[in-house]
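J.: My structure is below; once you've seen it, I'll send some questions.
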Amino acid sequence: MYVPNQFQFKDEAEKIAFMKQYSFATIITNKDQLPIATQLPFFIEEQQDKLVLTSHFAIANEQAKYIEATTSLVLFTEPHAYISPAHYDKQESVPTWDYISVHAYGKAKILEDENSKTKVLEQMISFYDQNYLAQWNSLSDKFKKGMMRGIVAFELEVTDLQGQKKLSQNKTEAERHRIVEHLEKGDNTVEKDLATYIRKL
């Protein structure tokens, strides 16, 4: 990822926090020199000195066949917004786009055994819908095993983590203030989320 110095994250912890907040991501893997991609929810876990991403494909998804043989890229993106030059002081200005993105690279490992698959699903439930956990626990083993036969669970150890926060850091405080006011006054919740990040600069 090309990251100008002024748009860098301050540290790894900030990148990880962003990934956890916007954890529905795109995993891209190489298949015969062509990229293939799937959008998946991820569970992000720090394990001692490792960062591990877990998720699962539908068993019919061919991408699962390639994730162990090659490095995959997982893209965490959101929020983002068009930024009009109307907010800038100089007449000679051009439009741009503000956004935040984190790229995680690593080779994945398919989790074959039932206990590992169960752990992946229960981590997902606990993170995304804790209230469903009691219902999940009440389901029959037959139903759970049938569901797990339909997925390919995996974990990916991150070997390289890159990120960019392009939040008009190269503009004046007055210009950023106008941008934030514009983003906050609309009904677009994604733009309002971006405004919150800009305010924190």
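The values are calculated or read from the model by the stated rules, or taken from the named source; none is laboratory data. Everything numeric in this text was worked out from a predicted model, so none of it was measured. So basically every Cβ, Gly included, is an ideal-geometry build from the backbone, and we count neighbours across all protein chains shown. When the accessible area is computed, the model is the full protein with side chains, heavy atoms only, and any ligands, DNA or RNA have been set aside. Shrake-Rupley method; radii C 1.70, N 1.55, O 1.52, S 1.80 Å.
J.: Looking at region 30-81, which of its residues are of a type in the set (A, V, I, L, M, F, W, C) and touching an Asp or Glu at 6+ places or on another chain (Cβ under 8 Å)?
T.: Ile36, Leu51, Val52, Leu53, Ala81
J.: In region 99-123, what residues are more than 16 Å from Leu51 (Cα to Cα) and either open to solvent by 70 Å² or more (accessible area, probe 1.4 Å) or under 17 Å from the mean Cα position of the chain (by Cα) (or both)?
T.: Let us first name the residues in region 99-123 that are more than 16 Å from Leu51 (Cα to Cα), namely 99-101, 110-119, 121-122.
Hits for region 99-123 are Tyr99, Ile100, Ser101, Glu112, Asp113, Glu114, Asn115, Lys119.
J.: Could I ask something else about it? Exactly one of (1) closer than 27 Å to His182 by Cα; (2) under 18 Å from the mean Cα position of the chain (by Cα) is unmet by Ser93. Its number?
T.: (2)
J.: Kindly check whether there is at least one residue in region 84-96 that is hydroxyl-bearing (Ser, Thr, Tyr) and crowded, with 19+ Cβ neighbours inside 10 Å.
T.: Looking for residues that are hydroxyl-bearing (Ser, Thr, Tyr) and crowded, with 19+ Cβ neighbours inside 10 Å, one finds at least one in region 84-96, hence yes.
Listed here are the residues, each with its yes/no results for (1) part of a helix (DSSP H, G or I); (2) surrounded by fewer than 16 Cβ atoms within 10 Å (Cβ to Cβ); (3) hydroxyl-bearing (Ser, Thr, Tyr); (4) modelled with pLDDT under 95.
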| position | (1), (2), (3), (4) |
| --- | --- |
| Ile125 | yes, no, no, no |
| Ala153 | no, no, no, no |
| Gln164 | no, no, no, no |
| Ser168 | no, no, yes, no |
| Lys171 | no, no, no, no |
| Val180 | yes, no, no, no |
| Leu183 | yes, no, no, no |
| Asp193 | yes, no, no, no |
| Thr196 | yes, yes, yes, no |
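J.: OK, next. Need pairs with beta-carbon distance below 8 Å; first residue surrounded by 13 or more Cβ atoms within 10 Å (Cβ to Cβ) and within region 1-27, second in a loop (DSSP other than H, G, I, E, B) and among the β-branched types (Val, Ile, Thr); sequence gap 6+ or separate chains.
T.: Going by the 8 Å Cβ cut-off, the qualifying pairs are Ile27/Ile67.
J.: Next question, about the same structure. Please go through region 1-59 and pick out each residue that is assigned to a helix (DSSP H, G or I) and either under 17 Å from the mean Cα position of the chain (by Cα) or at positive phi (or both).
T.: Once the filter is applied, which keeps residues that are assigned to a helix (DSSP H, G or I) and either under 17 Å from the mean Cα position of the chain (by Cα) or at positive phi (or both), region 1-59 yields Glu12, Ala13, Glu14, Lys15, Ile16, Ala17, Phe18, Met19, Lys20, Gln21.
J.: Further, regarding this structure: Where residues in region 28-50 are aliphatic (A, V, I, L, M) and out of contact with any Leu (no Cβ under 7 Å at 6 or more places or on another chain), which of them is most open to solvent (accessible area, probe 1.4 Å)?
T.: Across region 28-50, the extreme among qualifying residues is Leu34.
J.: Now a separate question. Answer yes if at least one residue in region 98-109 is closer than 27 Å to Thr29 by Cα and not in a strand (DSSP E or B), and no otherwise.
T.: Yes, the conditions are met somewhere in region 98-109.
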